[in-house]
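K.L.:
After the C-alpha cells below, expect a handful of questions from me.
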Amino acid sequence: MKESTTSCIVRAGQLSELPEVLLLIKELARFEKAPNEAVLTVVDLERDFLDNRFQFLVAVRNTEVLGMALYFDRYSTWKGRSIHLEDLIVRESHRGKGIGSALFHAVVHVAKKEQAARLQWEVLDWNTPALSFYKSLNAEILSDWWPCRLNRNQIESWPHE
C-alpha cells in the first residue's frame, strides 16, 4: 500500500471492486471516442480475474475508487518476462491530482518486484495529456512498432484448414 499526496491509497484491487472498474473502463471508452467498443461485462471481468488473466491496482479514498491500473503478464522472445499495462484510468473529476502518477509508480513497483525485463503499454497518438505524462517519466514512445490485431469476428470467421 502506498499513500499519495492526494490522500488516496493505491493497493491491489479486489473482486468486489470490478463493477467500479467496469465503470472506469466505460468512462475511458467515452473519452477515447469509442463508447460502443467496451462490450465487456462484470461477469467477464470476474471470470477472467478469477482465472488470473489480469491483475489490477486501485486508487481509493475511503471506499471510493478514484482510478485503476489493469495489467497482465506478457513474454518477449528477446527480453523475457514483461508486464503489459492495459489501462490506467483516473475518474475525470479526479485527474490532475497525482492519482495517475501514483498508480503508474505502483505498476512500476510491481514490474520491479516481479523482475520484469520491461513494462509496456500503448497510448493514442492524439492523447496529448497522456503522451506528456509518459514523456515526463522518461518513457520511450515507440514510433516504429504498430499495434496489430484481429477482432472476435475475424478470429471466429478464420478459414478452417
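K.L.:
Anything in the stretch 51-72 that is free of Cβ contacts under 8 Å to residues at least 12 places away in the same chain and outside any loop (DSSP other than H, G, I, E, B)? List them, or say none.
P.N.:
If the condition is that a residue be free of Cβ contacts under 8 Å to residues at least 12 places away in the same chain and outside any loop (DSSP other than H, G, I, E, B), then E64 is the only one that fits.
K.L.:
Still on this structure: Do you know which residues across the stretch 80-131 are farther than 16 Å from E27 by Cα and among the hydroxyl-bearing types (S, T, Y)?
P.N.:
Answer for the stretch 80-131, where residues must be farther than 16 Å from E27 by Cα and among the hydroxyl-bearing types (S, T, Y): S82, S101, T128.
K.L.:
Right, here's the next one. Is it fair to say I89 is touching a helix residue (DSSP H, G or I) at 6+ places or on another chain (Cβ under 8 Å), at pLDDT 95 or above and among the hydrophobic types (A, V, I, L, M, F, W, C)?
P.N.:
Yes, satisfied.
K.L.:
Something else now. Quick one: which residue in V21, V43 is hydrophobic (A, V, I, L, M, F, W, C) and exposed (fewer than 13 other Cβ atoms within 10 Å of the Cβ)?
P.N.:
Testing whether each residue is hydrophobic (A, V, I, L, M, F, W, C) and exposed (fewer than 13 other Cβ atoms within 10 Å of the Cβ) leaves just V43.
K.L.:
Consider only pairs whose beta carbons are under 8 Å apart and that are at least six residues apart or on different chains; among these, list those whose first residue lies in the stretch 17-37 and is within 17 Å of F49 (Cβ to Cβ) and whose second residue is in a helix (DSSP H, G or I) and of a type in the set (S, T, N, Q).
P.N.:
Every condition considered, no pair remains.
K.L.:
Quick one: K79 ticks every box in (1) buried (at least 18 other Cβ atoms within 10 Å of the Cβ); (2) modelled with pLDDT of 95 or more; (3) basic (K, R) bar one, so which box is it?
P.N.:
Going through (1) buried (at least 18 other Cβ atoms within 10 Å of the Cβ); (2) modelled with pLDDT of 95 or more; (3) basic (K, R) one by one, K79 breaks only (1).
K.L.:
Separate question: Could you check K113 against (1) under 25 Å from P19 (Cβ atoms); (2) of a type in the set (K, R); (3) surrounded by fewer than 17 Cβ atoms within 10 Å (Cβ to Cβ) and say which number it fails?
P.N.:
(1)
K.L.:
Please go through the stretch 38-50 and give me each residue that is over 20 Å from E114 (Cβ atoms) and without any contact (Cβ under 8 Å) to a residue 24 or more places away in the chain, ordered by number.
P.N.:
Scanning the stretch 38-50 gives A38, V39, L40, T41, V43, D44, R47.
K.L.:
Scan the stretch 116-161 for residues that are over 19 Å from the mean Cα position of the chain (by Cα), among the hydroxyl-bearing types (S, T, Y) and over 25 Å from A38 (Cβ atoms) and jot them down.
P.N.:
Answer for the stretch 116-161, where residues must be over 19 Å from the mean Cα position of the chain (by Cα), among the hydroxyl-bearing types (S, T, Y) and over 25 Å from A38 (Cβ atoms): just S143.
K.L.:
May I ask you to list the residues in the stretch 109-161 that are among the hydrophobic types (A, V, I, L, M, F, W, C) and either on the phi > 0 side of the Ramachandran plot or without any contact (Cβ under 8 Å) to a residue 12 or more places away in the chain (or both)?
P.N.:
W126, A130, L131, A139, L142, W145, W146, C148, L150, I155, W158
The values are calculated or read from the model by the stated rules, or taken from the named source; none is laboratory data. None of the values given here were measured: they were computed from a predicted structure. Backbone-built Cβ (ideal geometry, glycine too); neighbour counts: all protein chains shown.
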